[in-house]
C-alpha cells in the first residue's frame, strides 16, 4: 500500500471570505523550504514523487502549486478536504485509492490534525497539531481508523 503525506498550507493572511485567504510572504518562504526538502528526498531516492491533491481554498492551492513546481508533478483538487470537512470522508476516499505512488494531501487545520488522529489513534479527537507548512508522513496496510503509523513529521523550522 502507498504512503500518505499530509501537509498544512503555508502561513496565510487574515481575511474574508475564508476560502479566498492567500499565503503571506512568510507562508511562501516556508512552503518553498518544504518544497525544496521534498524535491531533495525524491532526488536522493528516499521518496517517490507523490500524487498531489489540494483543497480548493486559495492558500492550499498556492501551497500545492509551489510543491508541483519543485516536484515536476500535477495537481488535482479535492472539494472534501477543506478545514471543516469530516476526516472519515477522507479516510473512506483513501480506502478506495488504487496502489501506486504516495498520496499527498495539502489541506488545513483542523482537518489534517483530526485525520491524523483518526488514522493513527482511531479517533479524530486524538489529533495532532500541525504548524503551517508541516508535513506528516504515514504508512498503513489499510487506511482505516487506527491502522496507520506516523513515520515522520517535518516542519519548516527543522530545516536549514
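No value in this document is a laboratory result; all are computed from the given coordinates. Nothing here was measured: the structure is a model prediction, and the numbers come from that model. When we count neighbours, we look across all protein chains shown, and the Cβ atoms used for this are built from the backbone with ideal geometry, even at glycine.
Just the projected area, averaged over all directions, of the convex hull on the alpha carbon atoms of the chain: how many nm²?
Numbers: hull surface 33.7 nm².
Result: a mean projected hull area of 8.4 nm².
With contacts defined as alpha carbon pairs under 8 Å and 6 or more residues apart, what's the relative contact order of segment 69-160 in percent? All intermediate terms of the calculation are to be shown ahead of the outcome.
Details: 125 pairs, mean separation 21.0, N = 92.
For segment 69-160, the relative contact order is 23 percent.
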(message) Run the numbers for residue 96 and residue 142: contour at 0.36 nm per residue of separation, minus the present Cα-Cα distance, in nm.
(response) 15.5 nm
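Per-residue counts of other Cβ atoms within 10 Å, averaged by peptide: what ranking do you get for 37-46, 20-29, 57-66, 132-141, highest first? Provide the component values of the computation, followed by the final result.
Details: 37-46: 13.2, 20-29: 16.4, 57-66: 23.3, 132-141: 20.3.
The most tightly packed comes first, giving 57-66, 132-141, 20-29, 37-46.
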(request) Can you quote the Å³ per residue value for the convex hull of the Cα atoms in segment 1-67, rounded to an integer? (result) 75
(request) Starting from the Cα of residue 84, step 7 Å along the direction of its Cβ; do the same at residue 36; then give the gap between the two resulting points in nm. (result) 3.8
(request) Could you work out the relative contact order of the chain, using alpha carbon pairs under 8 angstrom and six or more residues apart, expressed as a whole percent? (result) 30
